[in-house]
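The values are calculated or read from the model by the stated rules, or taken from the named source; none is laboratory data. Since the model is a prediction, treat every value here as computed from it, not as a measurement. Using ideal geometry, Cβ is built from the backbone for each residue, glycine included, and neighbour counts are taken over all protein chains shown. Just the protein is used for accessible areas: all its heavy atoms, side chains included, with ligands, DNA and RNA removed. Shrake-Rupley method; radii C 1.70, N 1.55, O 1.52, S 1.80 Å.
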Amino acid sequence: MSLKINSFEEYQSKYKQSIEKPDAFWDKIAKSFQWQKDYDKVCEWNFEEPNVKWFLGGKLNITENVLDRHLEKRGNKLALIWEPNDPKDPFKRYTYRELYEKVCEFANALKNQGIQKGDRVVLYMPMVPELAIACLACARIGAIHSVVFAGFSAVAMADRINDAQAKMVITADGLNRGSKQVPLKRVVDEALENCNSVEKVIVYNCLGWEPNMQEGRDLWWRDATDGMSKNCPAEQMDSEDILFILYTSGSTGKPKGVVHTHGGYMVYTAYSFQNVFQYEESDVYWCTADIGWITGHSYIVYGPLLSGATTLMFEGVPTYPDAGRFWQVCDKHSVNQFYTAPTAIRALMACGDEHVLSYSLDSLKVLGTVGEPINEEAWKWYYLHVGKEKCPIVDTWWQTETGGIMISGLGSHSPMKETYAGYPLPGINAVLLDQDGNEIEENEVEGYLCIKHPWPSIIRTTYGDHERCRLTYFSTYKGYYFTGDGAKRAANGMYRIIGRVDDVINVSGHRFGTAEIEDAINSNRLAVESAVVGYPHEVKGQGIYAYVVCEEMPSDEDFARGEIVESVVKQIGKIAKPEKIQFVSGLPKTRSGKIMRRILRKIAEGEADKLGDTSTLLDPDVVEDIVKGAIK
Ligand code: WTA
């Protein structure tokens, strides 16, 4: 079943084959999975509508590939290791057979509560095994899961529930986060005041609390699963049936529901997992992401389990009880592949080397990063102190919309250079385009990163609004999937991701649209208008800088700032809090009324001396005032 590439030469030849004959290439890989009925055609596509389908006519259930297929050979192998928030609490382990039984049991509970194929189920959960189990249980019966990161507010959750018209919410009483406990059920209750589609709420008891339980609507996980069979036949799904919806931010409007499907997502997450991390049968693999984001979907749950791997799931945070927690867990469970985010590395780096130097980290073989560009200093620290100069670092570039890793090294088989993600995976026809949409053929250039041919886990649509999908990803450059990122290609063909070229801000690897944050700010009674930009932040990568126009300049700025922050927390969640808020008398606009973000960005970056020409502005004086009041 191994899909692994074993050398750089093999990568090069596979890459060539995959670009020349993509159907033949993916056909061979897809054949290694378990299909209930073979597909008739590998791929059908056009990027105009867009209409992309993979493994047409194929019938399967992804969970048969995640679970059933492994039972014979790996029934007693560990599928999941769960490490709790508090190192003093016991960890949990599930073999493939145990996980299979848990998933089936909960799948039967879902059915028993009236969930059917095609229904949407929202998950708002702590990082406990039940979150992974609930995802797989939905997939087992053909229900569509939509995980909402447990840091989002009630308003943000309600938006997502309503957009998906979800029939059920699965949540917990609360969650552990370092030394804090955060209520979840209470947030769900608040969200549901504005959602009519939800009929049932299943609550997992994580903290032993006694939250409000609404008669007829809410029931405990333990009661829902009581007496349920540990076998549940897998629903037959079409390759192109929806597996999940995951909401993500773009440059305009509200977050959109990115849609992934059973067949293509299965093939690509497993293929990319095995190759990027070079997983070997007895390895323990750990990705520190939260399942609320795509990284957790693809590389905690689906990719590793499809590959028969042992995947570790961590409930806690990197700095609790101290900044050595990650490394302690690596030693405790003999972790072989470790995958985290640059923001976590920078935060730990700032806590001092002693926390990492006291652990052996002998078991580590491959290190990975994801979510944002990694700066040289963080890369070197990771390489030296965590990898002890013996582990390759795979800097994996990809997106919620791509479903899986697109550009990255393959374990130790690829050339590696700090701050470079590297080469595209086989099957990924990456190109750089210039301003006018022409492909740039040569190397040592920068351009807009686009993909020319579909890959199996490409976004299929944005839920309920296909036109939005077309406009966002397929209309900027005709015939290409546009990533929204700018990139540089070095002389040797390696890619370095520069960052977003649109109005998306990446805070600690989490995406926010400027429009989304501005809407939240403007919902405050004090604010008339606002503009939000990103600025370089030492730990978070980017921080949020908000320029806010009020009816009158606030007399107590700190109070007003508190109010504005409160509105953002209420509309989106704490994770989107602006770091800096400057009250301004007006915003720099062109004569046609467009906000000149370029200028605001420069000011936020502390480069007010590089504003360029401001003479075309409606009111150039505004800029001078903003520069004077800029927050350092
Ligand atoms: C950024 C996360 C540089 C990029 C999997 C992309 C990266 C956005 C990298 C997607 C990387 C992700 N180097 N930038 N290795 N990985 N990005 O949807 O701007 O949360 O477009 O997916 O994160 O974020 P998303």
Unmet requirement for GLY324, which otherwise passes all of (1) within 16 Å of the ligand (Cβ to nearest atom); (2) touching a His at 6+ places or on another chain (Cβ under 8 Å): (1)
Hits in segment 347-368 (condition: more than 26 Å from HIS413 (Cα to Cα) and either in contact with a Leu (Cβ under 8 Å, 6 or more places away or on another chain) or within 16 Å of the ligand (Cβ to nearest atom) (or both)): HIS355, VAL356
All helices (runs of 4 or more DSSP H) inside segment 1-117 with 1 or more residues being among the small types (Gly, Ala, Ser), modelled with pLDDT of 95 or more and open to solvent by 40 Å² or more (accessible area, probe 1.4 Å): 8-20, 22-30
Subset of segment 503-519 [in contact with a strand residue (DSSP E or B) (Cβ under 6 Å, 6 or more places away or on another chain), more than 12 Å from the ligand (Cβ to nearest atom) and of a type in the set (A, V, I, L, M)]: ILE517
Inter-residue pairs, beta-carbon under 6 Å, first over 18 Å from GLY486 (Cβ atoms) and in segment 499-515, second more than 9 Å from the ligand (Cβ to nearest atom), 6+ apart: VAL507/LYS540; VAL507/GLN542; SER508/THR343; SER508/LYS540; HIS510/ILE575; PHE512/ILE505; PHE512/ALA576; ALA515/THR252
Sole residue being within 14 Å of the ligand (Cβ to nearest atom), open to solvent by 50 Å² or more (accessible area, probe 1.4 Å) and at pLDDT 95 or above, chosen from ARG500, ARG468, ARG496: ARG496
Residue match in segment 194-201 (condition: part of a loop (DSSP other than H, G, I, E, B), under 30 Å from ASP322 (Cβ atoms), modelled with pLDDT of 95 or more and not charged (D, E, K, R)): no
Flag if ASP485 is under 23 Å from the mean Cα position of the chain (by Cα) and at pLDDT below 95: no
Residue among SER567, SER615 that alone is at pLDDT 95 or above and hydroxyl-bearing (Ser, Thr, Tyr): SER567
Selected residue (only one of LEU207, LEU175 is more than 30 Å from LYS37 (Cα to Cα) and assigned to a strand (DSSP E or B)): LEU175
Leading residue by the ranking (surrounded by the most Cβ atoms within 10 Å (Cβ to Cβ)) among those in segment 311-353 that are part of a loop (DSSP other than H, G, I, E, B) and of a type in the set (Val, Ile, Thr): VAL335
Test for GLY371: is it within 11 Å of the ligand (Cβ to nearest atom), open to solvent by less than 40 Å² (accessible area, probe 1.4 Å) and either assigned by TED's automatic domain parsing to the domain that holds SER282 or closer than 24 Å to ALA421 by Cβ (or both): yes
